[in-house]
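The values are calculated or read from the model by the stated rules, or taken from the named source; none is laboratory data. Fair warning: this is a prediction, and the values are worked out from it, not measured in the lab. All Cβ positions, even for glycine, are placed from backbone atoms using ideal geometry, and neighbour counts span all protein chains on display. Just the protein is used for accessible areas: all its heavy atoms, side chains included, with ligands, DNA and RNA removed. Shrake-Rupley method; radii C 1.70, N 1.55, O 1.52, S 1.80 Å.
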Amino acid sequence: MHRYECGNCNLVSHPFTLRRGAEDFGFEHRQRRHDGMHPDEAILSGGGGRMPQAGDWKIFAIVAVLLLVGLVSKVL
């Protein structure tokens, strides 16, 4: 999981599965609170090899089934 942490105002975002989500959150925070400036203390944390949780496996399974259905429909 990834988080945006702003050391300037002590904000810590909620966890994001993708790094891009934390980056976007940080960008919008800087636009609103810091007039687009990037505080020295702002960091992205996380991404340390967490195993997927039960909800993640369900999403993976749904995507795999949809891809399989799409491939089968193209072949037939």
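Quick one: helix 54-75 against the long Cα principal axis of the chain, what's the angle to the nearest 10°, folded into 0 to 90?
Result, in degrees: 50.
Just to check, using Stokes-Einstein with a Kirkwood Rh over alpha carbon pairs, what's the diffusion coefficient of the chain at 10 °C and 1.306 mPa s in µm²/s?
D = 108 µm²/s.
In debye, nearest 20, what is the charge dipole magnitude of the chain about its Cα centre with +1 on Lys and Arg Cβ and -1 on Asp and Glu Cβ, if you could check?
Using Cβ point charges on Lys, Arg, Asp and Glu, the chain gives about 360 debye.
Along Cα→Cβ, 7 Å out, is where each label goes; now give me the distance between the ones at V63 and M1 in nm to one decimal.
1.9
Under the Karplus relation 6.51 cos²θ - 1.76 cosθ + 1.60, θ = phi - 60°, what is the ordered set of whole-Hz ³J(HN,Hα) values for the stretch 30-36, x standing for Gly and Pro?
The phi angles translate into 5, 5, 7, 9, 10, 6, x Hz.
Within the chain, what whole-number % of the accessible surface is contributed by carbon and sulfur, with the 1.4 Å probe and all protein chains included in the calculation?
Summing carbon and sulfur atoms, their accessible area is 62 percent of the total for the chain.
For the stretch 3-17, in order, what is each residue's ³J(HN,Hα) by Karplus, 6.51 cos²θ - 1.76 cosθ + 1.60 with θ = phi - 60°, in whole Hz (x at glycine and Pro)?
9, 9, 10, 9, x, 6, 10, 6, 7, 10, 6, 6, x, 10, 5
Label 7 Å along Cα→Cβ of L44; the stretch 5-34 residues with amide nitrogen under 12 Å?
Those under the cut-off are 5, 16-27.
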